[in-house]
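The structure appears right after this line, and notes come after that.
What follows is calculated from the coordinates using simple rules that are stated; it is not laboratory data. For clarity, every value in this text was computed on a predicted model and none was experimentally measured. FYI the Cβ positions are ideal-geometry reconstructions off the backbone, even for glycines, and counts take in every protein chain you see.
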Amino acid sequence: MDNKEILYEISLKYNTLKMYESTIEEMKKNNISGKSLDAVIFEKNVVEKELIDLLNPNTPTPEHGWLKNPSISNGNEFIQKLQKKAEYNSLYDIRKNFFDDIVKESDNSIANDFSNEINFKKPTYAEIQEKISDSQWISMSNFIVNFPKNKVNIDEWRVSSFYYTSGDIYVIVNDFAEKKDDGKYVILSQIIEDLYVNSEDVIGNIILDVVNNNGDTLYSINFSNCKFSDASPDSFTYESTELRKINLHFTYDNFKIIPPTEK
C-alpha cells in the first residue's frame, strides 16, 4: 500500500474499533452477554490487532498473546492499554502534521515520490474546515427501522436503538400496548410471544434507512432472510419512571448497502 492508502486504512480501522467498543458498551448496558457479546468482543479484538499491526508494521507479533502490544515484553495488560491509548492520542493529535510523519517514516524513494507528485498538496486548516462544513454527516439518531409488518407489527417510531454485528441484529423497542380503531389490540409482548412460537420461520427482510435531518434517505441497509432469536426485556420496578424497553435479537444471512436511487 502507498502512504495515502495506509492513512486511509488506519483511519478506517480506528473508526471500526470505536464502533465495536461502543457496541460492546451498549450491549453490556442492556445486559446482553453470552455468545452474542463474545462474538462482538472477538471482532473488536481482530480489528484492534489489525490496527496495531498497521501502527507497528515492522514489529513481529508474538506467537502467544496476539492481542498484546508487540513492543511490551512483560505482557502487562494495564501497561498495554496505556500505551495503546498514547499511540491513538499521538496519532490523532490535531496539533500534529500526520503527512510529515508519513514521509519521515518512509524510505527515500517514497519521500521523493511524495515531493514530486504534482497534484499532492497538504490541506490547510481553512480547507479542512470547508470540507467539514460541506460534508453530509450522519447522526446516530437519524435512522428508521422497517420491519415486515405482516410478521413483526412494530411501528418505526417505537424503535429507540438499532445495531448489528456479523449475522446478528439487536433492536431496542419501547414497550407498548394499544387498542386500534378496529378494536384489535397491538401489544409488544404478544408480538414477541408469537415470534417465539414461530422462531423457525423466516420473517423476511429488515431494512434500516439512514436519513438526514430533512428526512431524505442517504442510504439503506437491507438485511435479508431475518429470523427471530430471542428477546431481553427490562424489569418492572417502582424505583424508576423510565420507559420500559425490550431488546429484540434477530439473525440474518446477508446485508446490502442500497443508495436511494436503487431502492
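Packing, taken as the mean count of other beta carbons within 10 Å per residue, orders the peptides 132-139, 188-195 from highest to lowest as 188-195, 132-139. Pairs from the list 151/256; 35/149; 180/245; 227/256; 13/149 with a Cα-Cα gap above 26 Å: 35/149; 13/149. For trypsin sites (Lys or Arg not before Pro), the sites in region 124-219 that DSSP calls loop and that have at most 14 other Cβ atoms within 10 Å are 149, 180, 184.
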